[in-house]
1. In sequence order, what are the phi-derived ³J(HN,Hα) couplings for the range 94-111 according to the Karplus relation 6.51 cos²θ - 1.76 cosθ + 1.60 with θ = phi - 60°, rounded to whole Hz, with x for glycine and proline?
2. Positive end of the dipole of the range 26-156, charges at C-beta (+1 Lys, Arg; -1 Asp, Glu), about the Cα centre: which of Pro86, Asn55, Ala99 has its Cα farthest in that direction?
3. Each residue of the range 203-219 in order: what ³J(HN,Hα) in whole Hz does its phi give by Karplus 6.51 cos²θ - 1.76 cosθ + 1.60, θ = phi - 60°, with x for Gly and Pro?
4. Can you give the FRET efficiency for Thr89 and Thr139, using 1/(1 + (r/R0)^6), R0 = 35 Å, r = Cβ-Cβ distance, to the nearest 0.05?
5. Magnitude of the Cβ-charge dipole of the chain, K/R +1 and D/E -1, about the Cα centre, nearest 20 debye?
6. Using the Karplus curve 6.51 cos²θ - 1.76 cosθ + 1.60 with θ = phi - 60°, what ³J(HN,Hα) values do you get for each residue of the range 129-143, in whole Hz, with x for Gly and Pro?
7. Rounded to whole Å, give me the distance from the Cα center of the range 41-94 to that of the range 141-181.
8. Once you charge only the Cβ atoms, +1 for Lys and Arg and -1 for Asp and Glu, what is the size of the charge dipole of the range 98-187 about its Cα centre, to the nearest 20 debye?
Amino acid sequence: MGSSGKMAVDLYHALWSPPSRAVRMIGRAVGVRFNLITCEPIQGDHLKPDFLKMNPMHTIPTINDNGFVLWESRAIGQYLVSKYAPQSTLIPTDLQQKALYDQRLFFDYAMLQNFSKTMRRIFVGGTRFEPKDIKQCRTSLQLLDQFLSQSTYVAGERITLVDYTAAASVITCQPEMVDLSTYPHVQRWLARVRTEIDGFEEINGPGVEMIGNVIGAVLSSDGDSSKL
Ligand SMILES: N[C@@H](CCC(=O)N[C@@H](CS)C(=O)NCC(=O)O)C(=O)O
């Protein structure tokens, strides 16, 4: 037990993994104490029998909250908020606010998560960017920019859980992939949430740097020809 009296929650994660970073930020916001357990897909940890027994989908992040196992970062985030900070405004309660939040969370899952997939292709597989992936990332950012031209946060005028999950993906974008400066509302929002989310730099910094270094090395090794 921690000083807060709460039992620690096991979190299987990797530093570079955007959804793992999102869960760590959400946990920090609602006062969860994590027992961080590195599960590195690059080294095949996620395919080891013990991990597969726990999560047959072999994805990180995965939590084990004293016997209750859950994966999918957005489900984990909502579980942690509901359990540890039920009064939190990170999940809206007003009917229409909640509906908008749900819509944006599904957008985040369907569209922004692709940043991670694109990154993973090059980061884990050491392969080049696919033009169709880059196009998809740009379309997603364009939509996000449009949403953010109409509201301060992704789902309205209050910061919600979807700002955490979206920011963890967007901060992962590398300049070789998309030029974030062409999305002014996204830039403004990112600058804001970086300062408002507790532990943002500490949690995201090392993983994003790691991704940047690997991508830089892969691109320079093939003459940078995959830049679009
Ligand atoms: N939608 C999932 C995505 C999880 C995911 O794909 N995680 C990656 C690391 S960022 C992973 O575990 N990859 C290994 C695999 O899918 O086998 C979430 O948000 O938790």
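1. Using θ = phi - 60°, the values come out as 4, 3, 6, 4, 5, 5, 5, 4, 4, 4, 6, 5, 5, 4, 4, 5, 6, 10 Hz.
2. With unit charges placed on the Cβ atoms, the residue in question is Asn55.
3. Couplings: 7, 8, x, x, x, 5, 5, 4, 4, x, 5, 5, 5, x, 5, 5, 5 Hz.
4. Numbers: r = 30 Å, r/R0 = 0.86.
The calculated FRET efficiency here is 0.70.
5. Working: 23 positive and 23 negative charges, 56 e Å.
Approximately 260 debye in magnitude.
6. 5, 8, x, 5, 5, 5, 4, 5, 5, 5, 4, 4, 5, 4, 5
7. Cα centroid to Cα centroid, the span is 22 Å.
8. Details: 10 positive and 9 negative charges, 56 e Å.
So the dipole magnitude of the range 98-187 works out to roughly 280 debye.
The numbers here are math on the coordinates, done by the rules we state, and not lab data. These numbers were taken from a predicted model, which means no experiment stands behind them. Glycine gets a Cβ as well: all are built from the backbone with ideal geometry, and neighbour counts include every protein chain shown.
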